[in-house]
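**Q** Following this message is one structure expressed as structure tokens.
The values are calculated or read from the model by the stated rules, or taken from the named source; none is laboratory data. For clarity, every value in this text was computed on a predicted model and none was experimentally measured. Heads up, the Cβs are rebuilt from the backbone with ideal geometry, glycines too, and the neighbour counts pull from every protein chain shown. Quick note on the areas: whole protein, heavy atoms, side chains included, nothing else; ligands and nucleic acids left out. Shrake-Rupley method; radii C 1.70, N 1.55, O 1.52, S 1.80 Å.
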Amino acid sequence: MKRLISLLLFTTLILSGCIGILDKEEEIIVIEETEDDDQVIISPNLNTPENYYRTVLHEGDYKHSEARGLIPHAVYNRLDINQLEIGLMELAQTRFPQNQFYFQEGQYLEGSLINRWLRRYDPDRESHREGLNPPLGEGATEREKHENQPAYLSHIMEHNYLKGVEDGSIELGGLVLGISLNSVYYYQTEAFGAVFEYPLEEEQLLEEGKRIAIEVLNRVRERGNLADVPIMIALYKEERRQAIVPGTFMALTVIEPGKRIERWETVNDAHYFFPSRQATTDFREDANRFASFKQDVDGFFENYVGLVGRGSYKNNQLQELTIEINLQTNGKAEIIAMTQYITDRMKKHFPATLTVQIYITSLGGAESIIVRHANDEPFVHIYR
């Protein structure tokens, strides 16, 4: 079916309290078809330090990936789900700049297809012939069979990046695939039986991830509409299910049309919990800063204060610190004083180049938030 795609510009008339946050102009792409019109809107820019991608909306609605419903059943830790999604966007920026590309959830790999790929390969079962996880290994017991050949692949997440072209239309400009891998293999030897844990070596995990990536690339390229676009593949290592920090990306590669995977780039990211022995061992200076901040807060407040943090590292440098503080208090005046004091202590203990987010709660719910982006003044809001 032939389609005529035209690009229009119009001025946003009502910002509903968002003046200064949205751009003055919002792009609309109208796709005219023979039967009905499909209006595609490019969301306005948000004036935020994160510089998020603008999103493609169809008829004003956000278009979900058909495979979206799989991830809660494949990736059990909510922190991993969030990190996989946001982390893919951050990695995509190295190949698909935000000022040239628009984002939409994956629309090319169906949920049923990805589900078949996640299974164990079994040539005797039609539903498992496309499985990318290895078949069960040999062994005298069921446990040996599982541990001799664990399942590595947990999920495959697809993101699409669209770009404008000379005739004013938009088209798929790139595909990003996140291959999520188990750091711990969980399995059962019988239905409704005990769940066993088998930790996986990172070296083996990386090797298997690269093997899976080659096969995924070959299958994706066989789909006609994906043969001529750049593809980025990133390997993600999940944390164990009960972890209080997310996993990390291990490696990525970009494959241009007509090419094979030629090299992998190491992704040096990490997440740490504060306070913890691991953080103190690997990043003593950061751990000491956090300990001094916690000591000041504990000393200011006569009741118990629960204070924990999560740090995000890139190339062994702390980039972002999220702190959660839980108070036992009934007074709003005390909350105001506490928030003022915490803001001052944050500025004292953490360098201005570090992004810090502090969420203060009590038994009554959210009390205040403090957000300071790198090299910026803190934003403080106290709930009334």
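**Q** Sort 125-134, 79-88, 192-201 for me by packing, meaning the mean count of neighbouring Cβ atoms within 10 Å per residue, highest on top.
**A** Answer by packing, highest mean first, reads 79-88, 125-134, 192-201.
**Q** Based on the alpha carbon coordinates of the stretch 310-382, what radius of gyration and maximum Cα-Cα distance (Dmax) apply, in Å?
**A** Expressed in Å, the Cα Rg and Dmax of the stretch 310-382 come to 12.9, 43.
**Q** Grab the beta carbon distance between Asn303 and Ala194, set R0 = 45 Å, and tell me the FRET efficiency rounded to 0.05.
**A** The computed FRET efficiency comes out at 0.60.
**Q** How high is the relative contact order of the chain, given as a whole-number percent (alpha carbon pairs under 8 Å, six or more residues apart)?
**A** Contact order relative to length: 9 percent.
**Q** Now, a different point. Could you tell me the calculated FRET efficiency between Glu262 and Thr353, based on Cβ-Cβ distance and R0 = 30 angstrom, to the nearest 0.05?
**A** Numbers: r = 35 Å, r/R0 = 1.18.
For R0 = 30 Å, the calculated efficiency reads 0.25.
**Q** ³J(HN,Hα) across the stretch 236-247 via Karplus (A = 6.51, B = -1.76, C = 1.60, θ = phi - 60°), whole Hz, x for Gly/Pro?
**A** 10, 9, 6, 7, 5, 4, 8, 5, 9, 10, x, x
**Q** In addition: Say each of His58 and Arg78 gets a label point 7 Å from the Cα, pointing the same way as Cα to Cβ; how far apart are those two points in nm?
**A** Once both label points are built, they end up 2.9 nm from each other.
**Q** Quantify, in whole percent, the carbon and sulfur part of the accessible surface of the stretch 253-336 (1.4 Å probe; protein heavy atoms only). Don't skip to the end; give the middle numbers.
**A** Numbers: 2070 of 5060 Å².
Carbon and sulfur: 41 percent of the exposed surface of the stretch 253-336.
**Q** Can you compute 3J(HN,Hα) from phi for each residue in the stretch 191-203, using the Karplus curve 6.51 cos²θ - 1.76 cosθ + 1.60 with θ = phi - 60°, rounded to whole Hz and x for Gly and Pro?
**A** Residue by residue, the stretch 191-203 yields 4, 6, x, 5, 9, 9, 10, 9, x, 10, 5, 4, 4 Hz.
**Q** In angstroms, what radius of gyration and Dmax does the chain have, counting Cα atoms only?
**A** Rg and Dmax of the chain, Cα atoms, are 24.1, 71 Å.
**Q** OK, next. Assuming R0 = 51 Å, what is the FRET efficiency of Glu147 and Ala291, from their Cβ-Cβ distance, to the nearest 0.05?
**A** According to the calculation, E is roughly 0.80.
**Q** Just to be sure I understand the model, the point goes 7 Å from the Cα along the line to the Cβ. What's the resulting Thr281 to Ala140 distance in nm?
**A** Calculated label separation equals 3.5 nm.
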